[in-house]
Amino acid sequence: MKTSYAKYILITLAFVSMFFYSEANAQVKIGFVDSETILKQLPEAQAVQSELEGLQKQYLDTIQTKENDLKSKAETFKTQYDDAQKKVESGQITSDAEMKELQTTIGELQNEIQTMSESFESYKQTVQNNLLQKQSELFKPVKDKITKTIEQVAKSMKINFVFDKADGTMLYGDKEFDITFKVLDKLK
């Protein structure tokens with residue numbers, strides 16, 4: 001919500017400042033880029049994406065192994081629980097000691113499955129966080145390069161504002177049109 005509101009304010013400020021500037025008989029130029037196309041065709045971005053996919057595959061393999069272990073343990077629990085229930089119903093378990101031992105065994109298995117399940121969910125969350133962090137870390141130099149190049153191209157073409165076609169964010173804005181502090185002064 002905050003980012004869309006911020007985008008709205010930035011775009012509104014850009015257009016308001018363009019209007020006032022155009023009143024002074026100056027021409028405002030707006031450009032746009034498609035960041036998705038840039039990322040798909042930039043070799044550095046492709047290399048980063050490939051590295052992330054390899055890392056993701058490793059994590060997914062580990063997750064699959066952990067999930068299979070959990071399923072196996074759950075099946076073992078179900079089998080032992082069904083066997084215990086049959087023994088109780090058929091009268092094979094007669095003493096309180098046998099009943100207590102059976103309940104203890106079932107309880108331990110149930111706790112083990114619960115612990116494995118919680119560990120599995122925690123691992124998946126950690127993996128997701130690690131992948132997001134790694135993605136941010138690996139893409140930072142690529143994004144910095146793209147942003148710097150956009151700024152250079154915009155300045156050379158005398159473009160005042162550059163927006164991203166993919167998500168509508170402003171990637172470059174001529175500082176001459178930045179009225180942030182004038183707005184703040186007016187608000188005070």
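Which residue out of K140, K124 is out of contact with any strand residue (DSSP E or B) (no Cβ under 7 Å at 6 or more places or on another chain), over 30 Å from N68 (Cα atoms) and surrounded by 10 or more Cβ atoms within 10 Å (Cβ to Cβ)? Explain how you work it out, then say what you get.
Working: K124 fails: over 30 Å from N68 (Cα atoms).
Only one candidate passes the filter, namely K140.
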Can K140 be described as part of a helix (DSSP H, G or I), among the charged types (D, E, K, R) and within 27 Å of Q49 (Cβ to Cβ)? yes
For I146, are the conditions met, namely being modelled with pLDDT under 95, under 21 Å from V33 (Cβ atoms) and not acidic (D, E)? yes
More than 16 Å from A45 (Cα to Cα), among the acidic types (D, E) and assigned by TED's automatic domain parsing to the domain that holds Q56: which single residue out of E151, E176, E137 fits that description? E151
Scanning the stretch 143-163 for residues that are surrounded by 11 or more Cβ atoms within 10 Å (Cβ to Cβ) and hydroxyl-bearing (S, T, Y), the one farthest from K73 (Cα to Cα) turns out to be T149
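The values are calculated or read from the model by the stated rules, or taken from the named source; none is laboratory data. Values in this document were obtained by computation on a predicted structure and should not be read as measured data. Cβ sites come from the backbone with ideal geometry, for glycine too, and all protein chains shown count toward neighbours.
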